[in-house]
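Presented below is the structure to which this report refers.
The values are calculated or read from the model by the stated rules, or taken from the named source; none is laboratory data. The structure presented is a predicted model; accordingly, all values stated were derived computationally and were not measured. Please note: Cβ atoms are built from the backbone with ideal geometry, for glycine as well, and neighbour counts cover all protein chains shown.
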Amino acid sequence: MVKALYHTLLCLSLALSSFAAPTADSDAIADTDTDATVATQDATIAASSASSKVTYIVVGGGTAGLAVATRLSENSANTVIVIEAGSDGFDNPNIANLTGPSIQALPGTSVDYNYQSLPLKYASNQIISMTRGKVLGGSSALNGALFTRPNKIDFDLWETAFGASGWNWNSISDSIKQAEQFSFTPGLTSLPPFHGKDGPISDTQRPLVGDVWSKGVIPAVVASGGKVSLDQNGGDPSGIWYAAKAMFPNSTRSYSANSYYRPNAGRKNLQVILNSTVSRIVWAKSKSKSGKAVATGVEYVNSAGKKVTISGNRVIMSGGVFGTPQVLELSGVGNPTILNPLGISTVVNLPAVGENLSEQPTTRYVASLASGITNSGLQLTLNFETPRTLLTDDEWNTAHTLLQTAPPGLSATAHKALITMFEKDAVIVEFMGFPNPANLVFLPILLHPMSRGSTHIVSTDPKAAPQFDLALMQSPFDLYILTKAAIRARRFASQSSLQPFIGPELAPGTGVQTEAQFQQFVKDSMGVAYHPLGTAAIGNVVDSNLRVQGTTNVFVADGSIFPTQSGSHPSSIIYGIGEKAATMLKAAPLSKDV
């Protein structure tokens, strides 16, 4: 029963809540487009693009896809078309409603790709059901809506270690602020300079509910050697703080579909094609003078199963960590040893496509709530801890030694960056703390894992799921750190401040006492934060301008460009990527695509 609870919590992207259901006067704007109406645009769009190319074709209407599309359409001279495999989702009340029962109803439905991982070889051969949004808004429509930022050094390393010129803390943080409209909550500390105030995504903290947090959880963290943060969004997230979420003041979800696209759906130069799967990028017969491949548009399969081709000046891949490499590989961009046996000719030999798959592994601590204590509401905290807080000096030395050995799939550059993060004491573990109505749950999350997996196509069918290996716990360093985090979560629960609020421990359970037993528990209870990243990484697949290497006019704007995991939840960063991508593309004349 405990493991079932844990799986449910993770499938909700680690969020349960008692936020109010959507009301008639919700912040969202009334829907004027239906799926059927948008689908009928196929023929018209295809015909018009044949004679006059659209400016931008965005493949995937997800978190970053709608952000970049909406921003590019601000220039009336641009024509922007977004192709989305799912429906608009606006008639699905479970998307807007952030309550636990509503979010529980989303995984495994038509709005979820529900990918299945290969068995976790290093974690008891478990299979991870990877929830990913197949709906307008992508995973921002299904996730836990947390809006956080990592350590400053995490972003600065994009530029200094990975050679991503212009990608650093200042630029990415500013782009996140462009996306954010933060509302301050009475009684909770937040620092105005750390937040945006005019962006499309409404962002706020949940008002204080009950005493479990103020009198139980926070004092327990402090008594265990932790600290309280005033605001985790200014470049140092260490400490415990009341988490901000992407939601409107009426507590309904704010996400890319209802906050970027829907208020601007009436723009004549912004069109969305729904229920349509992109099958490939269409290439010019001849390469550019520089020998690079030139995209002339994309081909997609519409809801009726017919193939439609759209011509465009630029193609922006925003299919996410699994969808972007899938379309690139279907289009002949990738590793020839994977493509050629499937009958796909190599257009660009780029073996890094689909590699560097990184996910944040999790374990759990669960205790029942004490008699008379209920938590129908959620007051969610995030407690970020650094290596020096999590580990003793001897444990730090052991971890540092384990860190020196890179697992397969981890590049030398990423390995060096991870060592730098550790030595500079960037946060390495997040303890997500929240109660559901019957239990108190701490979810330790390893923020900077070393282990790297991959995702690749196994079929030329664009609707066939890719095959992916998360490779969790392949690195002994990852297992060591997550084990120490599991032990520390029990230490929080043992503090006197929490005793009035909790009852018996449900997981790991009193039978788990030694470090070896904790290690086995971590393997057996392996979960993920649903933060897969890195499969079209900047520096390996795309350059600093987000252009796919070996092409003149194909770009990527989504979570696949992360070179390594950042020490936070990624959705705010992905919005920032969309904002920054739009700014860069606006500034680059089409004539430079040579």
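Computed values, structure above
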| item | result |
| --- | --- |
| Test result for F518, at pLDDT 95 or above and either assigned by TED's automatic domain parsing to the domain that holds Y115 or surrounded by fewer than 23 Cβ atoms within 10 Å (Cβ to Cβ) (or both) | yes |
| Breaking point among (1) touching a residue at least 24 places away in the same chain (Cβ under 8 Å); (2) under 24 Å from G225 (Cβ atoms), for I344 | (2) |
| Residue within the stretch 363-371 that is assigned to a helix (DSSP H, G or I) and touching a residue at least 12 places away in the same chain (Cβ under 8 Å) present | no |
| Matching option when the condition is modelled with pLDDT under 95 and either surrounded by fewer than 23 Cβ atoms within 10 Å (Cβ to Cβ) or closer than 21 Å to M421 by Cα (or both), among S572, S566 | S566 |
| Every residue from the stretch 334-367 that is on the phi > 0 side of the Ramachandran plot and out of contact with any strand residue (DSSP E or B) (no Cβ under 6 Å at 6 or more places or on another chain) | G334, G343, N356 |
| Subset tally (residues that are under 20 Å from the mean Cα position of the chain (by Cα), of a type outside the set (S, T, Y) and in a strand (DSSP E or B)) for the stretch 183-202 | 1 |
| Hits in the stretch 251-282 - residues which are buried (at least 19 other Cβ atoms within 10 Å of the Cβ) and basic (K, R) | R253, R262, R280 |
| Residue tally, condition farther than 20 Å from E74 by Cβ, of a type outside the set (A, V, I, L, M, F, W, C) and within 18 Å of the chain's Cα centre (by Cα), over the stretch 559-594 | 12 |
| Which numbered condition T374 fails, given (1) at pLDDT below 95; (2) crowded, with 18+ Cβ neighbours inside 10 Å | (2) |
| Residue within the stretch 146-156 that is in the same structural domain as R490 (by TED's automatic domain parsing), polar (S, T, N, Q), at pLDDT 95 or above and assigned to a loop (DSSP other than H, G, I, E, B) present | no |
| Test: residue in the stretch 468-486 that is part of a strand (DSSP E or B) and not assigned by TED's automatic domain parsing to the domain that holds S560 | yes |
| Filtered residue count, the stretch 386-426, keeping only those that are hydroxyl-bearing (S, T, Y), closer than 22 Å to L470 by Cβ and either crowded, with 16+ Cβ neighbours inside 10 Å or in contact with a Cys (Cβ under 8 Å, 6 or more places away or on another chain) (or both) | 2 |
| Residues of the stretch 351-371 satisfying the condition of being over 24 Å from the mean Cα position of the chain (by Cα) and surrounded by 18 or more Cβ atoms within 10 Å (Cβ to Cβ) | V366, A367, L369 |
| The stretch 203-234, subset within 21 Å of the chain's Cα centre (by Cα) and in a strand (DSSP E or B), residue farthest from S496 (Cα to Cα) | D203 |
| So E84, is it without any contact (Cβ under 8 Å) to a residue 12 or more places away in the chain and in the same structural domain as E299 (by TED's automatic domain parsing) | no |
| Count - residues of the stretch 57-112 that are over 17 Å from the mean Cα position of the chain (by Cα), of a type in the set (S, T, N, Q) and assigned to a helix (DSSP H, G or I) | 4 |
| 3 or more residues over 30 Å from T189 (Cα atoms): qualifying strands (runs of 3 or more DSSP E) within the stretch 235-344 | 270-273, 277-283, 295-301, 307-317 |
| Search result, residues across the stretch 431-450 that are crowded, with 24+ Cβ neighbours inside 10 Å and assigned to a loop (DSSP other than H, G, I, E, B) | L447, H448, P449, M450 |
| Any hit, the stretch 505-514, residues being outside any strand (DSSP E or B), closer than 23 Å to N125 by Cα and in contact with a helix residue (DSSP H, G or I) (Cβ under 6 Å, 6 or more places away or on another chain) | yes |
| Those residues of the stretch 309-342 which are among the β-branched types (V, I, T), over 12 Å from R280 (Cβ atoms) and surrounded by fewer than 20 Cβ atoms within 10 Å (Cβ to Cβ), in sequence order | T337, I338 |
| Test: S124 is in the same structural domain as S454 (by TED's automatic domain parsing), surrounded by fewer than 20 Cβ atoms within 10 Å (Cβ to Cβ) and closer than 25 Å to L482 by Cα | yes |
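Let's see how each residue does on (1) free of Cβ contacts under 8 Å to residues at least 24 places away in the same chain; (2) buried (at least 21 other Cβ atoms within 10 Å of the Cβ); (3) among the aliphatic types (A, V, I, L, M):
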position: R149; (1), (2), (3): no, yes, no
position: A164; (1), (2), (3): no, yes, yes
position: N168; (1), (2), (3): yes, no, no
position: S175; (1), (2), (3): no, yes, no
position: Q205; (1), (2), (3): no, yes, no
position: V228; (1), (2), (3): yes, no, yes
position: G239; (1), (2), (3): no, yes, no
position: K245; (1), (2), (3): no, yes, no
